[in-house]
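> After the structure tokens below, expect a handful of questions from me.
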Amino acid sequence: MSDVLVKIRNLSASFSSVTVLKNINLEIPSRKVVAFIGPSGCGKSTFLRCLNRMHEEVPGADIQGQIFLEGQNIYEKHIDPVLVRRKVGMVFQKPNPFPGLSIFDNVAVGLKLMGVKKRVLYERVEDSLKQAALWGEVKNILKRQGTSLSGGQQQRLCIARALAINPSVVLMDEPTSALDPISTARIENLIRRLKEKVTVIIVTHNMQQASRISDKTAFLLSGELVEYEKTSKIFTNPSEVRTESYITGRFG
Amino acid sequence: MSSEKELSLDNGAVIYSYSLRDRWRKWCNYFMLGCLFLLSLIAAIPFLFIVYYVLAKGISSVNWDFFTQLPKPPGEEGGGMSNALIGSLVVVGMASLVGIPWGMGMGVYLSEYRATRTAKALRFVVDLLISAPSIVIGIFIYGFIVVRYGFSSYAGSAALLLIMLPVVAKGTEEILKMVPNHIREAGLALGIPRWKVIVRIIIPSVLSMCVTVIMLAIARIAGETAPLLFTALGNQYHIRDLSEPIATLPVQIYEFSKSGFEQMEKQAWAGAMVLVLFVFFINFFTRMFLFFYKKDKIKPFQKGK
């Protein structure tokens, strides 16, 4: 078995005393794609945002339990969330390149602000754009606005931006829900290749997508982890009735 | 109910035919549009007339001497307003030098930490200050600074600073609020500390709009007269020391225009023209800057996509 990268223990989260996640326990293996599925409002996004300590940025948010990243509890008092977020990249639902910044700067800004030297900057940007399968399309227009790209390209730019700072995990919150089928297919291919380097944790509404790209799938329902299994098992032979009803479209 | 019958939707034959009511609606629309156009036009006429009047009255006295010479004693021909021009630049410059960074800092705080109690209190104060009559601010500075240290360019700048601060703060706050929250989150998620997200990502993305706010604030204080009357006071000559009273264009225009000497009144008109043109050009250049800057740098945020 592959080694465990993220270990989640008794994780509960709430917004101004409304509980969103209830006592989640699971382990995420290294260099795999793990999908989280479940109906709207079941806490998938909140779960994701707990993993890079973005949940606490919302006023009234509260969190309990432990999340171990490479053996270190990221919620221990002396841990700086800024450093956690450099290890755990994030791609959002809506492509959100930084407005006013060029394609190059969009990828470079994280590195620049971390103090990466100018000499290696170009290489790192090129590398990240190649990993995000965008280099060929933008190598001649690096000075153009990031926001001038198409939606699918923007999302790949956001993936490149997240990869640039060398995270060990990349969180993706419904990364293709705002994109057309061709752009979606591109990003799915990209995710499949990414797991050679990083762990991808993806939240998706699209069950076909989860079955296409993920190694393991977790099913969340009203803040509870119902089932967490190999993707092939979840989609062919789920052990829980609730999982089966959801993936066969009986509710949700 | 009766109006629905007029639409004759139920018989199914002529759904899209214009009923009387539709015609009335269209006519109403044209009428209201016409009213709005007319009202805008009426409002613009006095403004154009002011510009024309000031130009016509002032142009004859604006010459090289006006920009380089000191005012002549009453009754004598010639002379200029170089003391007031330099004075205005000094007073407005000092106020801007302090007021722009300070005001923008306040605006950043009001927008990025908007939920905190201090931000709410500060917002209330800023709103109050923005609507305070400028003469009240002048009186405040008079009581606070002038009574103790005398009239000076510092006192004048302090008065203008108090007028400028809330304008810049409010403007910056409103602009930063337009930046969608997911841009901030994207920055934070990259492991960039919050203050760097603000300074390196949020502000650059709205820089051109911030420039507009700054320019408009400068134009606003450049024309202020009341708060300078009893803070900067005025001066016949060039200043040698910033702690002396200093001439400023609006105050000098005010004093010359009520002097009763024809030559001084002419100079006042010339001063008025220069002031109007100065404010006009600030606005004009801001717009030009935005036009060219926007073209290749800023894409406006798309709402609700």
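> Along the positive direction of the dipole of chain B (beta-carbon charges: Lys, Arg +1; Asp, Glu -1; about the Cα centre), which of B:107, B:42, B:259 reaches farthest?
Most positive-ward Cα: B:107.
> Calculate how large, on average over all directions, the projected area of the Cα convex hull of region B:62-296 is; give the answer in nm² to one decimal.
14.9
> To continue, here is another question. Where does the protein assembly as shown land on Rg/Rh, using Cα atoms and the Kirkwood Rh?
Rg/Rh for the protein assembly as shown comes to 1.12.
> May I pose another question? Using the Cβ atoms and a cut-off under 10 Å, what net charge is assigned to the surroundings of residue A:14, where Lys and Arg are +1 and Asp and Glu are -1?
Net charge in that neighbourhood comes out at 0.
> Apply the Karplus parameterisation 6.51 cos²θ - 1.76 cosθ + 1.60, with θ equal to phi minus 60°, to every residue of region B:152-166 and state each ³J(HN,Hα) to the nearest whole Hz, in sequence, with x for glycine and proline.
Whole-Hz 3J(HN,Hα) from phi for region B:152-166: 7, 5, 4, 4, x, 5, 4, 5, 5, 4, 5, 6, 6, 3, x.
> Per residue, how much accessible surface does region A:14-55 expose to a 1.4 Å probe? Answer in Å², no decimals.
33
> Tell me the Rg and the Dmax, in Å, that the Cα atoms of region B:17-59 produce.
18.8, 61
> Another one. At q = 0.18 Å⁻¹, what log₁₀ I(q)/I(0) does a Debye calculation on the Cα points of region B:120-201 give, no solvent, two decimals?
Those come out to -0.81, one per q.
> Let me spell out the model: positive unit charges on the Cβ of Lys and Arg, negative unit charges on the Cβ of Asp and Glu, origin at the Cα centre of the protein assembly as shown. What dipole size does that give, in debye rounded to 20?
1580
> Now a separate question. Given +1 on the Cβ of Lys and Arg, -1 on the Cβ of Asp and Glu, and no further charges, what dipole in debye does region A:101-252 carry about its Cα centre, rounded to the nearest 20?
760
> Between residue A:224 and residues 5 or more places away or on another chain, which pairs have amide H atoms under 5 Å apart, with H built 1.01 Å from N, and which residues are they?
A:22
> Under a plain spin-label model, where a point goes 7 Å from the Cα along Cα-to-Cβ, how far apart in nm are residue B:240 and residue A:237?
Each label point lies 7 Å from its Cα, and together they span 10.1 nm.
> What are the ³J(HN,Hα) couplings of region A:175-190, residue after residue, when phi is run through the Karplus curve with 6.51, -1.76, 1.60 and θ = phi - 60°? Round to Hz, x for glycine and proline.
x, 10, 5, 9, 10, 7, x, 5, 4, 4, 4, 4, 5, 5, 4, 4
> For region A:173-237, rounded, prolate or oblate, judged on the Cα gyration tensor with a ≥ b ≥ c (square roots of eigenvalues), a/c < 1.5 rounded, else prolate if a/b > b/c?
Note, shape of region A:173-237 comes out prolate.
> Quick check on chain A: helices-only [θ] at 222 nm, where DSSP H runs of length 4 and up contribute -39,500 (n - 2.57) each and the sum goes over total residues. Nearest 500, please.
-10500 deg cm²/dmol
> If I model a spin label as a point 7 Å beyond the Cα along the Cα-Cβ vector, how far apart are those points for residue B:98 and residue B:55 in nm?
Label at residue B:98, label at residue B:55, 3.8 nm between them.
> From the residues A:239, B:209, A:164, which one has its Cα farthest along the dipole of the protein assembly as shown in the positive direction, the dipole being from +1 and -1 charges on Cβ of Lys/Arg and Asp/Glu about the Cα centre?
A:239
> What FRET efficiency comes out for the pair residue B:40/residue B:174, r = Cβ-Cβ distance, R0 = 30 Å, nearest 0.05?
So, using R0 = 30 Å, E works out to roughly 0.80.
> Once neighbouring chains are kept in place and the probe is 1.4 Å, which whole percent of the accessible area of the protein assembly as shown is contributed by carbon and sulfur?
61
> Put simply, what bits of region B:186-209 lose 50 Å² or more of accessible area when the other protein chains are there, versus the chain on its own (1.4 Å probe)?
B:186, B:188, B:189, B:190, B:191, B:200, B:201
> Among A:60-70, A:81-91, B:230-240, how do they line up from the highest to the lowest mean number of other beta-carbon atoms within 10 Å?
Ranking, from highest mean packing down: A:81-91, B:230-240, A:60-70.
> Set the Förster radius R0 to 35 Å, insert the Cβ-Cβ distance between residue B:261 and residue B:121 as r into 1/(1 + (r/R0)^6), and round the FRET efficiency to 0.05.
My answer for the efficiency is 0.10.
> Also, I was wondering about something else. Order B:215-225, A:197-207, A:121-131 from most to least packed using the mean count of other Cβ atoms within 10 Å.
In descending order of packing, they fall as A:197-207, B:215-225, A:121-131.
> If you wrap region A:65-163's Cα atoms in a convex hull and average its projection over all directions, what's the area in nm²?
Mean shadow area of the hull around the Cα atoms is 7.5 nm².
> Enter the accessible area per residue of region B:62-296 (Å², integer; probe 1.4 Å; all protein chains in place).
48
> For every helix of n ≥ 4 consecutive DSSP H residues, a contribution of -39,500 (n - 2.57) applies; sum these over chain B, divide by its total residues, and give [θ] at 222 nm rounded to the nearest 500 deg cm²/dmol.
When only DSSP H runs of four or more count, the value is -22000 deg cm²/dmol.
> Hey, can you grab everything whose amide H is under 5 Å from the amide H of residue A:90? Only 5+ residues off in sequence or another chain; H modelled, so Pro and N-termini drop out.
A:171
> Could I ask something else about it? Build a GNM of chain B with springs between Cα atoms under 10 Å: which of B:37, B:291, B:124 gets the top mean-square fluctuation?
B:37
> Tell me, what HN-Hα J-couplings in whole Hz come from the Karplus equation 6.51 cos²θ - 1.76 cosθ + 1.60 at θ = phi - 60° for each residue of region A:68-81, using x for Gly and Pro?
Along region A:68-81, the couplings run 9, 10, 6, x, 9, 6, 6, 9, 5, 4, 7, 7, 7, x Hz.
> If you don't mind, another one. If you place +1 on the Cβ of every Lys and Arg and -1 on the Cβ of every Asp and Glu, how big does the dipole about the Cα centre of chain B come out, in debye to the nearest 20?
Taking the Cα centre of chain B as origin, the dipole is about 1380 debye.
> Given a 10 angstrom Cα cut-off, can you work out which residue in B:46, B:71, B:250 is the most mobile in a GNM of chain B?
B:46
> Work out the FRET efficiency for residue B:289 and residue B:32 from their Cβ-Cβ distance, taking R0 = 51 Å, and round it to the nearest 0.05.
Step by step, r from the Cβ atoms, then E = 0.90.
> Go through region A:92-109 and flag every residue whose accessible area shrinks by 50 Å² or more with all protein chains in place compared to the isolated chain (probe 1.4 Å).
Residues losing area: A:94, A:96, A:98, A:99.
> Report the per residue volume, in Å³, of the convex hull enclosing the C-alpha atoms of region B:90-141.
Hull volume over Cα atoms, normalised by residue count, gives 82 Å³.
> Same structure again: Pick from A:20, A:170, A:120: which residue has the top mean-square fluctuation in a GNM of chain A where Cα pairs under 10 Å get a spring?
A:120
> Send over the Kirkwood Rh of chain A, from the inverse of the averaged 1/r over different Cα pairs, rounded to one decimal Å.
18.7
> Nearest 10 degrees, 0 to 90: what angle lies between the long axis of helix A:103-113 and the longest principal axis of chain A (Cα atoms)?
80
> Report the A-B buried area as the accessible area lost on both sides summed, probe 1.4 Å, in Å² to the nearest 100.
Its buried surface, counting both partners, is about 2200 Å².
> Now for a different question. Which entries in the list A:77/A:197; A:118/A:195; A:22/A:94; A:87/A:230; B:170/B:258; A:87/A:117 go over 31 Å, if you measure between the two C-alpha atoms of each?
With Cα atoms farther than 31 Å apart: B:170/B:258.
The values are calculated or read from the model by the stated rules, or taken from the named source; none is laboratory data. What you see is a predicted model, and the numbers here were worked out from it, not measured in a lab. Glycine gets a Cβ as well: all are built from the backbone with ideal geometry, and neighbour counts include every protein chain shown. Ligands, DNA and RNA are stripped out before the accessible areas are found, and what is left, the full protein with its side chains, is counted by its heavy atoms. Shrake-Rupley method; radii C 1.70, N 1.55, O 1.52, S 1.80 Å.
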